[in-house]
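My questions all concern the structure below.
Derivation of every value follows stated rules applied to the coordinates shown; laboratory data play no part. Being a predicted model, the structure only gives us computed values, none of them experimental. Quick reminder, even Gly has a Cβ in these numbers, built from the backbone with ideal geometry, and neighbours come from all protein chains shown.
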Amino acid sequence: MDFYKVIETRRSIRSFKKDPIPKKVLNKVLDATRIAPSGSNRQPWRFILVKDEELKQKMISACNDQKFVAEAPLIIVACGKKLPINRGGYMGEMSMLLDVTIAFTHLILAARAEGLGTCWIGAFKNSEIKKLLKIPDECEVVAATPIGYPAKEAFTESSKRKTLDEIVTVNQF
């Protein structure tokens with residue numbers, strides 16, 4: 001699929017088929033995530049694949065009762081290891097958020113290219129997910145996404161985006 005078509009048609013999917021994701025397809029998506037750039041090539045990420053049905057059901061509560069997260073055959077949780085650097089002079093140990101977000105963007109775009117739907121989950125209870133998935137203290141949850149084949153056609157272009165004039169300036173804010 002053309003890269004720009006992937007970007008234009010990626011949407012948050014909240015209804016999934018139960019069809020499993022073929023291993024070859026999932027590995028392709030995960031490999032696109034693996035090769036994402038990171039500051040000084042630190043790669044401070046870990047991606048947890050949540051497949052167990054009972055665990056997926058517990059993730060609903062941890063994701064602020066968003067029931068659709070457990071509908072997909074898989075939930076991917078992106079974690080980042082705290083870094084002893086201070087990007088921008090203000091981010092502190094949470095500088096890893098940039099790197100993990102870049103990799104997670106690779107994941108959702110690669111998923112779209114493979115016909116899979118995702119929904120970037122930013123509304124979650126970090127401590128609850130950390131406990132459920134046995135995530136160590138030196139790491140934090142950055143995002144999660146259900147991933148699977150959409151239950152209905154959902155990949156359409158959207159005109160509900162700001163124009164370039166609304167988001168781009170030259171030389172100053």
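Taking amide H positions as placed 1.01 Å from N in the peptide plane, with prolines and chain starts having none, which residues 5 or more places from residue 45, or on another chain, fall under 5 Å of its amide H?
81
If you don't mind, another one. Taking springs between alpha-carbon atoms closer than 10 angstrom, which of 150, 136, 73 fluctuates most in the Gaussian network model of the chain?
136
Let me ask something else about it. Can you pick out the pairs among 82/160; 58/81; 67/134; 5/125; 18/162 whose Cα atoms lie more than 26 Å from each other?
82/160; 5/125; 18/162
Next question, about the same structure. In segment 132-173, which residues have a backbone nitrogen under 12 Å from the label point lying 7 Å from residue 120's Cα in the Cα-to-Cβ direction?
143-145
What is the list of residues in segment 125-164 whose amide nitrogen lies under 15 Å from a point 7 angstrom out from the Cα of residue 15, following Cα to Cβ?
149-156, by backbone N distance to the label point.
Subtract the Cα-Cα distance of residue 128 and residue 91 from 0.36 nm times their separation in residues, and report this length gain in nm to one decimal.
Taking 0.36 nm per residue and subtracting the Cα distance, the gain is 11.0 nm.
Among (i) 20.0, 66; (ii) 16.8, 53; (iii) 17.8, 57, which one is Rg and Dmax of the Cα atoms in Å computed from these coordinates?
(ii)
Using modelled amide H (1.01 Å from N, peptide plane; none on Pro or chain starts), what sits under 5 Å from the amide H of residue 16, excluding residues fewer than 5 places away?
Hits under the 5 Å cutoff: 151.
Report the relative contact order of segment 30-92, percent, no decimals, based on alpha-carbon pairs under 8 angstrom and at least 6 residues apart. Can you show the working numbers first?
Working: 52 pairs, mean separation 21.5, N = 63.
That works out to 34 percent.
Can you give the calculated 222 nm mean residue ellipticity of the chain, where each DSSP H run of n ≥ 4 adds -39,500 (n - 2.57) and the sum is split over every residue, rounded to the nearest 500 deg cm²/dmol?
-10000 deg cm²/dmol
Next up: Using a/c under 1.5 as the rounded threshold, could you call segment 117-173 rounded, prolate or oblate? The axes a ≥ b ≥ c are square roots of the C-alpha gyration tensor eigenvalues, and prolate needs a/b larger than b/c, oblate otherwise.
Oblate is the answer for segment 117-173, as a/c is 1.5 or above yet b/c matches or exceeds a/b.
What spacing in nm lies between the two simple spin-label points modelled at residue 64 and residue 30, each 7 Å away from Cα in the Cβ direction?
Reported label-point gap for residue 64 and residue 30 is 2.9 nm.
Hey, got the dipole for the chain? About the Cα centre, +1 on K and R Cβ, -1 on D and E Cβ, debye to the nearest 20?
Here the size comes out at about 280 debye.
With each label point set 7 Å from Cα along the Cα-Cβ vector, what nm distance links residue 171 and residue 138?
4.8 nm
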